1. Thr210 is checked against (1) part of a helix (DSSP H, G or I); (2) hydroxyl-bearing (Ser, Thr, Tyr); (3) open to solvent by 70 Å² or more (accessible area, probe 1.4 Å) and fails just one. What number does that condition carry?
2. For Thr118, work out the one condition from (1) polar (S, T, N, Q); (2) farther than 23 Å from Leu429 by Cβ; (3) buried (at least 23 other Cβ atoms within 10 Å of the Cβ) it doesn't fulfil.
3. As an exercise: evaluate Phe120 against (1) part of a loop (DSSP other than H, G, I, E, B); (2) closer than 23 Å to Met53 by Cα and give the number of the one condition it does not meet.
4. For Ala228, all conditions in the list (1) among the small types (Gly, Ala, Ser); (2) open to solvent by 10 Å² or more (accessible area, probe 1.4 Å); (3) under 30 Å from Ile390 (Cβ atoms) hold save one; what is the number of the exception?
5. Within the range 257-284, which residues are at pLDDT below 85 and either hydroxyl-bearing (Ser, Thr, Tyr) or over 25 Å from Leu420 (Cα atoms) (or both)?
6. Please list, ordered by first then second residue, the pairs with beta carbon atoms under 7 Å, 6 or more apart or interchain, first in the range 404-416 and within 17 Å of Arg71 (Cα to Cα), second open to solvent by 40 Å² or more (accessible area, probe 1.4 Å) and basic (Lys, Arg).
7. Anything in the range 163-219 that is under 24 Å from the mean Cα position of the chain (by Cα) and more than 24 Å from Met123 (Cβ to Cβ)? List them, or say none.
8. Please go through the range 61-97 and pick out each residue that is open to solvent by 10 Å² or more (accessible area, probe 1.4 Å), touching a Gly at 6+ places or on another chain (Cβ under 9 Å) and either under 21 Å from Leu420 (Cα atoms) or part of a helix (DSSP H, G or I) (or both).
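The values are calculated or read from the model by the stated rules, or taken from the named source; none is laboratory data. The structure presented is a predicted model; accordingly, all values stated were derived computationally and were not measured. Cβ placement follows ideal geometry from the backbone for every residue including glycine, while neighbour counts extend to all protein chains displayed. Heavy atoms of the whole protein, side chains included, go into the accessibility calculation; ligands, DNA and RNA do not. Shrake-Rupley method; radii C 1.70, N 1.55, O 1.52, S 1.80 Å.
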Amino acid sequence: MANGVALVRVPLIGGNKSAADVTRDVVGALDARPSALWWGGLALSGSALTLGMIAIGYQMATGIGTWGLNRTVGWAFDITNFVFWIGIGHAGTLLSALLFLLRQRWRTSVNRAAEAMTLFAVMCAGLFPLIHMGRPWMFFWMLPYPNDRGSLWVNFRSPLVWDFFAISTYFTISAIFWYVGLIPDLATVRDREPGTTRSKIFGFLSLGWTGSFRTWHRYEVVYLLLAALGTPLVLSVHTIVSTDFATAVVPGWHTTIFPPYFVAGAIFSGMAMVLTLMLVARKTMRLEHYITDQHIDAMCSLVILTSGLVGLAYGTEFFIAYYSGSPYEQFAFYNRALGPLAWGYWIMVSCNVLIPQLFWLRSVRRNLIVVFIISIFINVGMWFERFIIIVASLQREYLPSAWSDYAPTTIEVVTFIGTLGLFFTMFLLFCRFVPVIAMAEIKGVLRPAHGSHPAHDSHSGYSAEVTPEGPDTPGRPRP
């Protein structure tokens, strides 16, 4: 309170938007003709997806001998990409579920796209364990169902089975959570254009939404329960992925730091990908009033936090190796930093620990071009982190006679490019046909449009408003 005037934070949504403006802007983006930039991006991602499908078909017909694996390096490019994509998928659940439970209102502009990104990233990740099976058409053998194969059951001690259950559970909960949050917006689009094909489709998908108090109440209860159910998945899924390595006896893998290390790294890479995609969507879809500097600033703050956790994990690994007194463990980390793949290790450190420190500067966080470039560097660095952990730990065995270097083949590289194509193709189609902004949630954090007299305090960074009801409070709109 200052001079009898209530101080509230600068509104999360710019442009003094009303509820009708939000609907008009978001649905208008679906009605507008796709830009040349959208068509160009779709053509590029579709071409990459086509190449990837050809490469996967060739592998299935020929066998995984098309990979560059050898006697020493049995896990390499495919598992690297699997862990990378699973990590990318973590930001959606974090932004939507955990921040919803913590009542962080800035999530409302980015949670819809982050949830969709989770689904697409998990789709990409799920391809690699299937291909790694050698006979992907036998994937149903991993299901624990009664069968006629006698005593042949799922090997529950196999990391492949752990990954299967982790991916399927995470994808199912994330898809339900995304769809439930989408229902009010589907009903909004349905009611704007009655009689059209899109209205009929969205009317079917909106499950008879009426907007009544009872409907809203039940919706919010279900959404809260799904958020509470989805939040532990942020910790559990990548913890399971990390145990693929931590339960092995390979020096550089069998360490108890891997579960929190992998979770922090997954959130770190996921936030970087959210920044990358939302900055592009902000510019191409004219969403500057909805994805504001405050949203970018908040995401950059999470990147700084998780970057610090990842950097601490890097240092802890070296300290534990030194403290253990095991020459094999010490050599594994010495080999990472100074061995044949040292160039990849220092790319990893530079992109994941050093470059993100620029976000401490407010001028950097408010320069969207620089933020976009840094987010790209983080994505590159996190891919190299998984590559170094897997390949550098395997290519130098206990005996020098078993040492063997690894290089990915063209098939492996094209397969990864294909997953990039799948991811960006799905995201571009999502932006074109589904409301990319959660309209119902945005309307709950709008600045009061009537009965207010704003006055801005440039020094404190707050806006002063005198309203009959007092400061703006969060809440969902009611029809």
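1. (1)
2. (2)
3. For Phe120, the failing item is (1).
4. The one condition Ala228 does not meet is (3).
5. Selection gives Thr284 alone.
6. Pairs found: Ser404/Arg71.
7. Within the range 163-219, just Pro184 meets the criteria.
8. Result: Ile64, Phe77, Thr93, Leu94.
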